[in-house]
Structures are given as structure tokens and as C-alpha cells.
Amino acid sequence: MKNSKANLRCWLVLLGLILVQGGTIGIFTNCLGILMSAIRQDLGFRAGDLSVYYLIRNICGGFAVGYTTKYYFRQKGKYARITLTVLGLLMGGSCAVMALFSKLWQWYAAAFTAGLGSSATTVIIPIILRNWFRKRTGFAIGTAMSASGVFGAVFSPISSSLITAYGWRTASVIIGIIGSLMIIIPALFLIEISPENVGLKPYGYDEAGSEEKRTMTHTDAVLPVSVFIACVVAILGTSSIVQFSNQIPVFAESVGYTLAFGATLTSITMIGNLSGKLLLGALTDRFGIYSSARIFLVAIISALVVMIVGSKSPLLLSAAMLFYGFAYSIAATGPGLLFPDIYGSSNYQDKLKRYSSISFFFNAFLSVAFPYIYDFTGSFNAVFMYGIVMGLAAFVIFTRLKKYSLSAK
């Protein structure tokens, strides 16, 4: 009976984190490009100028992630519910208040609260799931992270329809309310940071064997800092290409398609996002993160090549966007799978927070650089070439990182 209760609770926690990921990334990040494209067309902003919003949001998130994550887990999660609720309100409010905006600086101001609100999610989700799942950890993390693809794919055409029917101002309010509720409700009623807090054991708990393996760890004295740098480059170098996703509607228009087709391409990308995260998690449970990541890198690189040479074909472009969506898998699922395998259960949380902060800052730069490249060149080909080069480098790095794997020892 107690095992049944524990198993039920762990799946409820997973459900809650799916909703949080869906609201935070699926709606407030992946669907924001549709809203911003409509705003740009209506108010006449340049793509690069409006994208400064993403720059400010990511910089704020980078500064805040260490503090918000620390406060979330403070005193064994005593403040977890209120922390995540406040973060959800900040994200939803920053979206809804756009209905009142008409000047660029107003979006820049709203980016501060949006960045603070989105800062903790990418860290807390894999940590909580590793607390609750001793087995099928890759599946659990991949499933939770895939929610951004599910809700992105479903909500992109809904967002486009809302904008067409009511205008972007009303649509921003509706989107803000829905996204906030998806975060606040599970924060209050479904999520608990660890099974021990409620007198339960994690899924797959095996006192005789799995606990010993789980406590294996490397120390900073054993692993040089170059290993951490290699991990960052391997994940961030490739995954940072997802910053292009906010420009998919602009890209579609630049190669002769309509905004509606741009929304369709965004949905296709989100399908790749969804399927890729589920597949990466499942493959990692079976073959490890290193082999799985290299398979995904081949798919991503191939997609970027097609986006350069085959964009005039709707069918080829749609297929490329599907595999381009796999980059989200490396971005969201990769850190939670790679760092524990390299550093073990004792040290990976600190490394994950450091990586997340670096990721915010680096992606802040690219979120502005990518659209400005288009503004000044009239093409995104340089962006795609960047992704190809970084993908090739990551392929080599994942091959070399395998020798540091704890799971192989």
C-alpha cells in the first residue's frame, strides 16, 4: 500500500512539473515569437530592437537563477510553493501587461519581471525529478521537459487565432492568465521537492543496490575545470541555436511564406521539441547520454543544412523544422542528464546552477544577435552556419566526455 501511494505521488509530481514546464517555456517562451511578430508588424518595430526584450529577460534570469533556486529549496522546500507561485505571477503579469504598451522601453521594463519569473524552472525540474525517480530518470526528465513542445505545438496556432480574432493586446492578456494558472495550480497542490518530506520513498527505490550507485561522485579535486567548460560548450553551443525559434515567423516571411505558415513551422518545431525530449530521455536510460546526444546532433546539423539550401521547398523546410526542434532536447533535457552523470549526486546541483546562469547570459546575447544578423544581412544563413559549426564541435566533445562518466565506472 505504501509503495502504491509513493508511486502515485511521484507521477502526480511529474504531472505538476509537466504543467509548470508547459506554462513557463511552452507558452511564455515558445509562443512568444508569434505575439512579438504581430506586435512588430502593428507598431513598426525592427526585429532586432524588439528582441532586446529577450536580451534583458535572459540577463535578469542569469542574475536571478542562483537566488531563486536557493530560496525555492531553502529549509527543505518550506518556501517552495510561495516561491513558484510568485514566479508564475511575475511571468503571467509581464505578458498580460503588454496590452497597455506602445513604446519599446515598456517591453524592456517588462523583461525584468519576465526574467525573474522564468529563472528557476530549468534547474528545479531535473533536481526534483531526480529526488523522486531512482529509476527511469531520463524518461521522467525527458517527459517533463517535453511539455514545452506539447504546449508550444498546441498553443502556437491558438495564439495566432487569438491574435487574428481579438488583436494582440487582448491575446496577450489571455495568454498571460492561462500560463500563470498552469504554474500556480501545480505549485500549490501537486509538487513536493522530495519524497522524504512526505514520508515516502522515491520511485524505483532499492535499498540494497541503487542507493550505493547513486551516491558515487567526482570531486572538483578530481575533475579539472576544463571538464565543466567542455560540458558547457557541448550543451550550450548546440542548444543555443534554439534562440532562433523566436524568429521563425520572420524567417518564413523572409523566404516568401505567410505569417500563418510561419506559425505552422513553429508548431512543427514544437512537435520536434516534444518527440525529441521523450526520445532523448528514453535513449539515455538505455544507451547513455553520450551516444544519444551524438545521434541528435547529426539530426540537428542536417536540419540546419536543409534550412540553408532547401528553404524554397515547403516540404523540405517542414521536415528540417521538425529535426531542428531536437535542439530543444539538448537545451532542456541535456543538462539534467549530463551533469549528474559526470559529477554525481553530491556535486551536480551546483554545476547545474552555474550552467543555467551561463546559459541565460549567453542566450541573452544570441537572442539579440540573431535578429540583428537578419536586419543587416536580410538572411538567417549566418545563424544556421553558427549552429552547424557548434554542432560539429559538440559531437567531438561528447565523444571525449564519455571517459569521465560515473555510470561507466
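Computed values, structure above
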read-out	value
Alpha carbon Rg of the chain, scaled by the compact-globule rule 2.2 N^0.38 Å	0.94
27 Å Cα-Cα threshold exceeded, pairs from Lys78/Lys201; Lys78/Lys403; Lys76/Lys403; Lys277/Lys351	Lys78/Lys403; Lys76/Lys403
Least to most buried among Arg286, Arg57 (fewest other Cβ within 10 Å first)	Arg286, Arg57
Cα pair distances in the range 1-155, grouped into 10 Å bins until the bin that holds the longest one, percent each	11, 36, 32, 15, 5, 1, 0
Whole-Å semi-axes of the range 94-157's equivalent ellipsoid (Cα gyration tensor)	33, 15, 6
Dipole magnitude of the chain about its Cα centre (Cβ charges: Lys, Arg +1; Asp, Glu -1), debye to nearest 20	820
Overall form of the range 6-83 per C-alpha gyration tensor (a/c, 1.5; a/b vs b/c)	oblate
Crossing angle, helix 52-72 versus the chain [Cα axis fit, 0-90 degrees, rounded to tens]	20
Pair-distance profile P(r), taking every C-alpha pair of the range 257-409, with 10 angstrom steps and integer %	10, 35, 36, 15, 4, 0
Euclidean distance of C-alpha centroids, the range 309-363 and the range 149-197, integer Å	22
Nearest-ten-degree value, helix 32-43 long axis tilted from longest Cα axis of the chain	20
By average C-beta atoms within 10 angstrom, highest first, the peptides 310-317, 113-120, 142-149	142-149, 113-120, 310-317
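The numbers here are math on the coordinates, done by the rules we state, and not lab data. Everything quoted here is computed from the prediction, not taken from an experiment. Cβ coordinates were reconstructed from backbone atoms using ideal geometry, including for glycine residues, and neighbour counts include every protein chain displayed.
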